[in-house]
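Read-outs throughout are calculated quantities, based only on the coordinates presented, and are distinct from any laboratory measurement. Computed from a predicted structure; not experimentally measured. Glycine also receives a Cβ, built like all others from the backbone with ideal geometry; neighbour counts cover every protein chain displayed.
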Amino acid sequence: MENVAQIFFHGSLNDFLPRHEKGKWQAYSFTGAPALKDALEAVGVPHPEIGRICQNGSEAGFQEALLRHAQVEVFPVVSEKGSQTPGPLQVSVPTPPTFVLDVHLGKLARYLRLLGFDTLYETSYDDQTIARLAQQGQRIVLTRDIGLLKQKIIQWGYWLRSQQWEEQLREVMIRYGLKDQLQPFTRCMACNGEIGEVSKETVLPLLPPKTRLYFHVFYQCQSCHRVYWKGSHYDRMQSFLAQFS
């Protein structure tokens with residue numbers, strides 16, 4: 001016998017819904033007794049984005065059964081450093097946060113590393129690899145693939161609304177409260193290795209001619225030995241970060 005429940009998604013969870021269903025109660029038909037997690041993900045909302053569920057006015061967990069004729073309200077997770085109290089289903093991320101990104105987010109990965117965040121990214125990663133790395137390393141999954149976030153073993157994850165890396169970085173900084181955790185020039189943008197300051201003489205043979213002339217402070221990755229200096233990309237990032245001060 002087919003049953004029907006009424007579901008209402010609050011706030012940013014409407015980003016996962018078709019335009020004509022945003023901000024409205026919607027009827028969800030089902031058979032048997034599916035878990036709330038499964039029902040909500042069937043509608044299109046991945047569990048890492050959900051901070052709280054109320055079924056018939058009472059707090060409910062992901063594994064509780066969806067009841068016949070139930071009224072279900074679903075609330076989003078909130079910013080780690082925001083003024084709102086996290087919902088009972090929201091698990092605080094480890095400090096400092098670490099990340100693993102899907103294959104479409106190479107530029108975002110580079111700039112998270114520039115800001116000092118341990119960020120795994122390889123174009124060879126498939127969904128199973130990303131989920132496994134997230135579970136093993138207690139990492140946050142950042143993705144544009146909603147289906148990836150529905151994998152059961154992923155505890156922390158965020159679906160990036162924008163397709164532009166600067167706006168994506170803004171989203172991540174706000175969602176995870178990163179402003180006070182920045183450590184620029186401590187991670188290699190290319191390989192995620194740790195970098196440290198080195199003398200100019202040590203890396204002189206590796207520098208372009210104009211860089212030798214105009215720059216005097218250098219950093220080198222301990223893993224891939226790439227050399228860095230505070231050039232135009234650093235200036236752009238400083239201007240970007242000034243928006244959050």
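Packing here is the average count of other Cβ atoms within 10 Å per residue, and on that basis the peptides 204-210, 14-20, highest first, run 14-20, 204-210.
Averaging the Cα positions of each part gives two centres, and for region 166-215 and region 41-55 these lie 37 Å apart. Only helices enter the 222 nm calculation for the chain: every DSSP H run of n ≥ 4 contributes -39,500 (n - 2.57), and dividing by all residues gives -7000 deg cm²/dmol, rounded to 500. Only the Cβ atoms of Lys and Arg (+1) and of Asp and Glu (-1) were treated as charged; on that basis the dipole of region 3-76 about its Cα centre amounts to roughly 200 debye. Going toward the positive end of the dipole of region 1-44, with +1 on Lys and Arg Cβ and -1 on Asp and Glu Cβ, which of PRO34, GLY11, GLY44 do you reach last? The residue sitting farthest along the positive end of the dipole is GLY11. The GluC sites (Glu not before Pro) of region 1-56 that DSSP puts in a loop, and whose beta carbon has at most 10 other beta carbons within 10 Å, are GLU2.
Applying a DSSP loop filter and a limit of 16 other Cβ atoms within 10 Å to the GluC sites (Glu not before Pro) in region 61-127 leaves GLU64, GLU122. With contacts taken as Cα pairs under 8 Å and at least 6 residues apart, region 3-76 reaches a relative contact order of 45 percent. Per residue, the average separation of C-alpha pairs within less than 8 Å and at least 6 apart gives the chain a relative contact order of 15 percent.
Among the listed pairs LYS107/LYS152; LYS107/LYS179; LYS81/LYS152; LYS150/LYS179; LYS81/LYS150, which are separated by more than 21 Å between their Cα atoms? Check vs 21 Å cut-off fails for LYS107/LYS152; LYS81/LYS152; LYS150/LYS179; LYS81/LYS150.
Listed peptides 115-121, 180-186 appear in the order 115-121, 180-186 once ranked by packing, highest mean of other Cβ atoms within 10 Å at the front.
A Cβ-based charge dipole, computed about the Cα centre of the chain with Lys and Arg at +1 and Asp and Glu at -1, lands at about 700 debye.
Per-residue Karplus couplings for region 194-202, computed as 6.51 cos²θ - 1.76 cosθ + 1.60 with θ equal to phi - 60°, are listed in order as 7, 10, x, 6, 10, 6, 4, 4, 5 Hz, Gly and Pro entered as x.
Between region 4-21 and region 110-151, how far is it from one alpha carbon centroid to the other, in angstrom? Each part reduced to its Cα centre gives a spacing of 26 Å. Packing, taken as the mean count of other beta carbons within 10 Å per residue, orders the peptides 158-169, 101-112, 136-147 from highest to lowest as 101-112, 136-147, 158-169.
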